[in-house]
Amino acid sequence: MPRHLLTILAGVTAALITTGCSSTPQPAAPSTTRTDQPTTAPARLLPLDLATVDTSSADAVALAVATTAYTLQPGLDSDPNDGMKRASALLDQRLTNALNAYRPASSAGAEWSTWTRQHAYITATAALSTQTRPPDGHTALRYLTITQTVHLNRQITTKPAIIVLITLARTPAGWRVTHLTQL
């Protein structure tokens, strides 16, 4: 596999498997609340619908990819990379190919296994950062803060924020993500 694909693959894998490892201070523990209403997972998570995203906006593309990539359904998703695969309509071809060729060397971890056994699902929200960045040209950078909420039975847990850097390229079809790096 060419070195650039290994670099892309390493970035995607690190971003999606090691959640909560950002360079900003993290809360001591996730925030957990209980509800009287049981949480109900969707039947399945659908791939990102390209028609719902303004591909002429780097902001809109970055937000859509981040939200889709970090919204997960353990049990139906084989591993955390399935979220990124659902966002593939907005990934460039090189990143999509690397993602599809990736075969994990080990399981997604104990937390993922627990979520799978207990039928949890994870929703994500993404927000653009106000961090200074270079002006857009043929490429664009977007810093985002992603918040994942784990829904499990009658318990809702908000995980520590995840900070990501998304690199986009302007194409004839609109903006496409070329890299997603968890900071």
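Identify all residues within the range 65-101 that are within 16 Å of Pro42 (Cβ to Cβ) and touching a Leu at 6+ places or on another chain (Cβ under 9 Å); write none if there are none.
Thr67, Thr68, Tyr70, Thr71, Leu72, Gln73, Leu76, Asp77, Asp82, Gly83, Arg86, listed by residue number.
How many residues does the range 136-183 hold that are farther than 20 Å from Leu90 by Cβ, of a type in the set (D, E, K, R) and modelled with pLDDT of 95 or more?
Of the residues in that region, 1 qualify.
Of the residues Ser106, Ser78, which is within 16 Å of the chain's Cα centre (by Cα), over 21 Å from Thr149 (Cβ atoms) and modelled with pLDDT under 95?
So the residue among Ser106, Ser78 that is within 16 Å of the chain's Cα centre (by Cα), over 21 Å from Thr149 (Cβ atoms) and modelled with pLDDT under 95 is Ser78.
Within the range 133-183, track down each residue that is assigned to a loop (DSSP other than H, G, I, E, B), in contact with an Asp or Glu (Cβ under 9 Å, 6 or more places away or on another chain) and not basic (Lys, Arg).
none
Limited to the range 54-75, what total is found for residues that are in a loop (DSSP other than H, G, I, E, B) and under 16 Å from the mean Cα position of the chain (by Cα)?
So the answer is 2.
Within the bounds of the range 88-96, is there any residue that is assigned to a loop (DSSP other than H, G, I, E, B) and among the hydrophobic types (A, V, I, L, M, F, W, C)?
Checked against the condition, which is being assigned to a loop (DSSP other than H, G, I, E, B) and among the hydrophobic types (A, V, I, L, M, F, W, C), the range 88-96 yields no hits at all.
Of all residues in the range 107-132, which are hydroxyl-bearing (Ser, Thr, Tyr) and assigned to a loop (DSSP other than H, G, I, E, B)?
Ser107, Ser129, Thr130, Thr132
Residue by residue, here is whether (1) surrounded by fewer than 18 Cβ atoms within 10 Å (Cβ to Cβ); (2) closer than 25 Å to Thr40 by Cα; (3) in contact (Cβ under 8 Å) with a residue 24 or more places away in the chain; (4) not acidic (Asp, Glu) holds:
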residue	(1), (2), (3), (4)
Ala108	no, yes, yes, yes
Gln118	yes, yes, yes, yes
Arg133	yes, no, no, yes
Asp136	yes, no, yes, no
Arg142	no, no, yes, yes
His151	no, yes, yes, yes
Ala161	yes, yes, yes, yes
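The values are calculated or read from the model by the stated rules, or taken from the named source; none is laboratory data. The shown structure was predicted, so the numbers you read here are calculated from the model rather than taken from an experiment. All Cβ positions, even for glycine, are placed from backbone atoms using ideal geometry, and neighbour counts span all protein chains on display.
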